[in-house]
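Nothing in this text is a laboratory measurement; each read-out follows from the coordinates by a stated rule. Just so it is clear, the structure is predicted and the values come from calculations on it, not from any experiment. Cβ atoms come from the backbone with ideal geometry, glycine included; neighbour counts cover every protein chain shown.
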Amino acid sequence: MLERKTRSPRAETTAAAHGVATDTAFGSVVPPLYLSSTYEFAGFETPRAYDYGRCGNPTRDLLAQALAKLEGGAGAVVTPSGMAALDLLIGRLTRNDLVLAPHDCYGGTLRLLKARADLGHLTLRLVDQKDLGGFQAALSDVPALVLIESPSNPLMRVVDIARLSDVAKAAGAAVAVDNTFLSPALQRPLSLGADYVIHSATKFLNGHSDVIAGAVIAADPREAQDLKRWANITGAIAAPYDAWLTLRGLRTLFARMSMQERNAMKIAEYLDAHPAVRHVHYPGLAGHRDHELAKRQQGGFGAMMSFELAGGVPAVREFLAHVSCFTLAESLGGVESLVAHPATMTHVDMGAEARARAGIRDELLRLSVGLEHIDDLIDGLEAGLNAC
């Protein structure tokens, strides 16, 4: 009789079942929620696996284990927000350490990096990472960290993570990739050469718009341990209940991403053909300049997109006054569909000049496509576009 070879669970199984049916106290199928802030020592100088909630928590650690497995990393730290995840990573840098960040990165990321640079905690340089020559020239100053965001927020620009990682690491820089828009269901940056992956777990990982959380995953075991050490020092740790909710949301990640991506593709095709729309930014469209790179690098095109209205800001006002099935709100990645106006919402702090350099126009709208019926979503968009 042939012996069946054992292998690690596939990603879908990890998301759906990591930690399921492991409770030894009562046989609970769902992993218990541990809210305790402190833990009893077994005796004098005899701590147990957990002693204090800032140092470690079983619920938070279970989520960290699942995320590390999904991203193919050695370990993860779950933080109170996506910004806290980035700050945990850059918080170990010194004033002489250079960070190379994309010129069109998320507005909150830019705000944090500039604030740290202004305080003298690091040196910041923004670079167009689509310009490989300019990127390589910037590497001559030996950055400590290269931050990559692909696809970018909100213009959905895709950069070659493997190529950028190769040249950055050859120059002695560590590489971190913000994988919030795609999640490990559709992209695994560590397998492309990155050293760290950052998430706003608030978004697709949780998927239900009821948690604020973040995560940073490291490829190297020593770096994973050092991040955990630094999180204990700074207190940048997520609450157990938020970790439990995020793990609950993670169970349906692959199913959600699959349906949301199908909806997004149909919406992108609809918008691309509509006369009121000047341009659609969605790598799933064959005409998108990064379509082939996205096909090669990603496992799918995701549920995020943006588009520009031909009628400018007046059209934006009318569209937002009449659109239905899409809620005007910040954030993204939930089961409900959202529309945002980056210039006055998510990227307002960038300032007009920086937005212009990044290509974020005033007539640009960003969509996070949810799980509603596709006909209702298109009807809702039609109501807004008809008013433009």
(message) Kirkwood hydrodynamic radius, the range 176-224, all distinct C-alpha pairs: what's the number in Å?
(response) 11.1 Å
(message) I'd like the orientation of helix 374-386 relative to the chain: the angle between its Cα long axis and the longest Cα principal axis, in ° from 0 to 90, rounded to 10.
(response) 40 degrees
(request) Enter the angle in degrees (range 0 to 90, nearest 10) between the Cα long axis of helix 253-272 and the first principal axis of the Cα atoms of the chain, meaning the one along which they spread out most. (result) 10 degrees
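To make sure I understand, if each residue's beta carbon is the centre and we count other beta carbons within 10 Å, what order do V167, V175, V20 fall in, fewest to most?
Numbers: V167 16, V175 26, V20 13.
Listed from fewest to most nearby Cβ atoms, that is V20, V167, V175.
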(message) For the chain, what does the helix formula give at 222 nm: sum of -39500 (n - 2.57) over DSSP H segments with n ≥ 4, over the residue count, nearest 500 deg cm²/dmol?
(response) -11000 deg cm²/dmol
(request) Please order T22, T346, T252 by the number of other Cβ within 10 Å, starting at the fewest. (result) T22, T252, T346
(request) Give, as a single signed number, the net charge of other residues whose beta carbon lies under 13 Å from the beta carbon of V369, with Lys and Arg counted +1 and Asp and Glu -1. (result) 0
(request) Enumerate the lysines that K266 could reach by cross-link, defined here as Cα to Cα under 22 Å, with residues fewer than 8 away along the same chain left out. (result) K203, K295
(message) Sort 120-132, 184-196 by packing, meaning the average of other beta carbons within 10 Å per residue, with the highest value first.
(response) 184-196, 120-132
(message) Taking the 0 to 90 degree range and rounding to the nearest ten, how far is the long axis of helix 58-71 tilted relative to the main principal axis of the chain, both from C-alpha atoms?
(response) 60 degrees
(message) Taking the number of other C-beta atoms within 10 Å as the exposure measure, put F41, F254 in order starting with the fewest.
(response) F41, F254
(request) Could you work out the local net charge near L182, counting Lys and Arg as +1, Asp and Glu as -1, over the other residues with Cβ closer than 12 Å to its Cβ? (result) -2
(request) Take the alpha carbon atoms of the range 340-388, find their center, do the same for the range 10-66, and report the distance between the two centers in whole angstrom. (result) 40 Å
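Restricting things to alpha carbons, find the Rg to Rh ratio for the range 1-157 using the Kirkwood radius for Rh.
1.09
Within 10 Å, count the other beta carbons around each residue, average over each peptide in 135-142, 369-376, and list them highest first.
Ranking, from highest mean packing down: 369-376, 135-142.
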(request) Stick to Cα atoms and the Kirkwood definition of Rh, then tell me Rg/Rh for the range 253-386. (result) 0.95
(message) What's the ranking of 349-356, 144-151 by average number of surrounding C-beta atoms within 10 Å, highest first?
(response) 144-151, 349-356
(request) Nearest 5 is fine: what % of DSSP beta bridges in the chain come out antiparallel, could you say? (result) 60 percent
